[in-house]
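To keep things clear, I will list the structure first and then write my remarks on it.
What follows is calculated from the coordinates using simple rules that are stated; it is not laboratory data. These numbers were taken from a predicted model, which means no experiment stands behind them. Here the Cβ positions follow ideal geometry from the backbone for every residue, glycine too, while neighbour counts run over all protein chains shown.
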Amino acid sequence: MEVMKTQYYAASSLDGFIATEDDSLEWLFSLANLQESSYSEFIAEVGALAMGSATYEWMVRNAAKVAAETGSPWPYTQPVWVFTCRVLSAIEGADIRFVKGDVRQVHNDMRLAAGAKNIWVVGGGDLAGQFYDAGLLDELIIQIGSVTLGKGKQLFPRRVLSPILRLSSVRQMGTAMVELRYEVGK
């Protein structure tokens, strides 16, 4: 039986950035094709999501783009925990829980909500790093696009030398992206 995992599933530029300095993901839309990606299989196994405030605010600001890409301005039916120190407005009809503080304190609630399914750390990179620092991150699923941004929001702003990340699979997605899966050694 598969064990529930906490996974960081994200797209990155070739030079390691998930967004530009102003949190734009425009670079990704010309590259990504959901039909060529693992997203549909991945999201089917997700029972709860963790999201940083910059990612959440980007989704709210770009609801029309998100709807065009996924069919809905808020494409998640699962409960979403948004980590923020600020007061943010909720999206009507969405199961969103605003939290702050240590990810360890929230992880148990997320596990209970996810049941046998996985927890998706949507981003950003620092939030994924907090789960890693707490020993709660099990897998990184990184889709690398054939662009460079020069600077921006880092994919995973941590030094990871040990425990080592173990490459478990490589998947080509069209001619513009590749997916790398890494298990986090404990």
TODO: Starting from segment 81-185, pick out the chymotrypsin sites (Phe, Trp or Tyr not before Pro) whose DSSP state is loop and whose Cβ has at most 16 other Cβ atoms within 10 Å.
DONE: none
TODO: Output ³J(HN,Hα) for segment 139-154: one whole-Hz value per residue in order, computed from phi by the Karplus curve 6.51 cos²θ - 1.76 cosθ + 1.60 with θ = phi - 60°, and x for Gly and Pro.
DONE: 8, 10, 10, 10, 9, 9, x, 8, 9, 10, 10, x, 7, x, 8, 5
TODO: Using R₀ = 35 Å, calculate the FRET efficiency as 1/(1 + (r/R₀)^6) where r is the Cβ-Cβ separation of residue 102 and residue 67; round to 0.05.
DONE: 0.55
Open item on the list: Can you match percent of Cα pairs over 29 Å apart to one of these, [x] 11; [y] 65; [z] 15, based on a calculation from the structure here?
Closed with: [z]
Open item on the list: Could you give the length gained by full extension between residue 148 and residue 85, i.e. 0.36 nm per residue of separation minus their alpha carbon distance, to one decimal place?
Closed with: 19.6 nm
Task: Extension gain (nm, one decimal) between residue 94 and residue 44, 0.36 nm per residue minus Cα-Cα - done: 16.2 nm
Open item on the list: About the Cα centre, and with charges only on the beta carbon of Lys, Arg (+1) and Asp, Glu (-1), how big is the dipole of segment 1-42? Nearest 20 debye, please.
Closed with: 220 debye
Task: Antiparallel DSSP beta bridges within the chain, as percent of all bridges there, nearest 5 - done: 45 percent
- [ ] Whole Å is fine, so just give me how far the alpha carbon centre of segment 128-186 lies from that of segment 103-126.
- [x] 17 Å
Task: Whole-number Å³ per residue for the convex hull built on Cα positions in segment 121-169 - done: 101 Å³
Open item on the list: Under a Cβ-only charge scheme (Lys and Arg +1, Asp and Glu -1), can you give me the dipole magnitude of the chain about the Cα centre, in debye to the nearest 20?
Closed with: 400 debye
Open item on the list: Just want the ordering: 84, 77, from fewest to most Cβ atoms lying within 10 Å of their own Cβ.
Closed with: 77, 84
Task: Selected from 177, 135, 121, residue furthest toward positive end of dipole (segment 108-186; charges at beta carbon) - done: 177
Task: 5 angstrom amide H check on residue 83, placed H, neighbours 5+ away - done: 51, 52, 53, 99
Task: Exposure proxy ranking, count of Cβ atoms within 10 Å, fewest first, for 42, 17 - done: 42, 17
- [ ] Find, among the trypsin sites (Lys or Arg not before Pro) in segment 1-93, those assigned to loop by DSSP (not H, G, I, E, B) with at most 11 other beta-carbon atoms within 10 angstrom.
- [x] 86
Task: the chain: most fluctuating residue of 100, 153, 117 per GNM, C-alpha cutoff 10 Å - done: 100
Open item on the list: Among 67, 105, 79, whose Cα projects farthest towards the positive end of the dipole of segment 60-108, with charges put on the beta-carbon of Lys, Arg (+1) and Asp, Glu (-1)?
Closed with: 105
Open item on the list: Let's see if you can work this out: charge +1 on each Lys and Arg Cβ, -1 on each Asp and Glu Cβ, no other charges. What is the dipole magnitude of segment 84-126 about its Cα centre, in debye to the nearest 20?
Closed with: 100 debye
- [ ] Would you please give the residues with an amide H less than 5 Å from that of residue 12, counting only those at least 5 places away or on a separate chain, with H modeled from the backbone geometry?
- [x] 143, 144, 145
- [ ] Tell me the label-point distance for the pair residue 158, residue 172, using the 7 Å Cα-to-Cβ offset, in nm and rounded to one decimal.
- [x] 3.1 nm
